[in-house]
Amino acid sequence: MHYIEIRDVDFEYEKGKSVFQNLSLNIDKNETIALMGPNGSGKTTLGKLMAGILKPTKGQVNVFSRDTRGIPLHEIGLRIGYLFQNPEKQFFANTVYDELGFVMKIKGYDEEYIKEKVEEKLELFQLKGLVNHSPFLLSQGEKQRLAIAAVLMNEPEYLILDEPTTGLDKKRKDMLLNLLFMLKNQGIGMTIISHDRRFVERICSRFIYISRGEIQYDERA
Ligand SMILES: Nc1ncnc2c1ncn2[C@@H]1O[C@H](COP(=O)(O)OP(=O)(O)O)[C@@H](O)[C@H]1O
Ligand SMILES: [Mg+2]
């Protein structure tokens with residue numbers, strides 16, 4: 001039994017236009033995977049299928065041994081953190097603080113505890129001075145860091161990161177890499193969708209390349 005099982009999957013945004021050709025893939029929880037391929041090859045679609053955000057048109061995707069069609073999205077989201085290619089897409093709050101604290105508030109944690117956890121993330125992601133700013137008005141790098149911080153507030157056991165280095169300079173990439181290493185050392189598995197081969201080569205141990213709807217290679221380092 002694998003953590004994520006993709007079996008003979010296809011997905012159609014438009015009827016008759018397949019993104020994949022019976023794609024199958026097994027992923028274990030502790031793996032750190034790079035998912036690569038040209039633009040339009042289906043990386044984002046595959047990531048969303050893995051996170052249950054999209055359901056396959058054909059075939060089946062199981063996460064923790066359950067068909068994603070039968071699990072409420074928020075339930076998957078508590079275990080599998082998903083970072084959108086465009087981080088803005090996941091923002092909803094008026095302030096950085098609320099963006100980070102919202103889920104814990106919904107879960108009914110008390111304000112002091114939430115504050116403590118939010119501050120922890122602000123510190124880690126160097127967002128401290130921006131706590132009252134609007135998420136939508138941050139720089140690209142700040143948005144990216146906030147989006148990852150927000151995903152981590154759920155304490156996920158697995159991460160799917162869609163192009164996480166977009167808009168980051170060398171220094172910010174190194175920061176992100178350090179952070180991902182820290183998570184990896186905590187036993188959190190991840191799939192990193194990226195064009196940035198240098199970046200993924202530093203942290204990933206399995207490299208999957210998709211093109212024309214098929215897996216072209218799948219190699220372990
Ligand atoms: N919302 C959408 N509606 C219609 N077609 C889409 C949509 N999103 C993606 N596609 C198409 O699906 C294919 C795979 O896209 P995507 O998964 O975004 O690839 P990648 O992330 O590798 O660039 C492409 O041909 C793309 O044009
Ligand atoms: Mg994409």
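Working out 0.36 nm times the residue gap between residue 90 and residue 139, then minus their Cα-Cα distance, what length gain in nm do you get to one decimal?
16.1 nm
Of the listed pairs 121/173; 128/171; 43/128; 48/184; 105/173, which have alpha-carbon separations greater than 23 Å here?
In this structure, 43/128; 105/173 exceed 23 Å between Cα atoms.
Give, as a single signed number, the net charge of other residues whose beta carbon lies under 11 Å from the beta carbon of residue 52, with Lys and Arg counted +1 and Asp and Glu -1.
Taking every Cβ under 11 Å from that of residue 52, the sum is +3.
May I ask you to derive the relative contact order of the chain, considering only C-alpha pairs under 8 Å and at least 6 residues apart, and to give it as an integer percent?
29
Subtract the Cα-Cα distance of residue 202 and residue 110 from 0.36 nm times their separation in residues, and report this length gain in nm to one decimal.
Result: 29.2 nm gained on full extension.
Between segment 149-192 and segment 1-42, how many Å separate their Cα centres?
21
Name the residue, out of 99, 111, 120, whose mean-square fluctuation peaks in a Gaussian network model built on the chain with Cα pairs under 10 Å.
111
How much mean residue ellipticity at 222 nm does the chain get from its helices, if each DSSP H run of length 4 or more adds -39500 (n - 2.57) and you divide by all residues, to the nearest 500 deg cm²/dmol?
Mean residue ellipticity at 222 nm (helix-derived): -10000 deg cm²/dmol.
Taking the alpha carbon gyration tensor of the chain, what are the square roots of 5 times its eigenvalues, largest first, to the nearest whole Å?
29, 20, 16
About its Cα centre, how strong a charge dipole does segment 4-220 have in debye, to the nearest 20, once Lys and Arg get +1 and Asp and Glu get -1 at the Cβ?
460
Values quoted throughout were computed directly from the atomic coordinates according to the rules given, and no laboratory measurement underlies them. In this text, all values refer to a predicted model and were calculated from it rather than measured experimentally. Cβ coordinates were reconstructed from backbone atoms using ideal geometry, including for glycine residues, and neighbour counts include every protein chain displayed.
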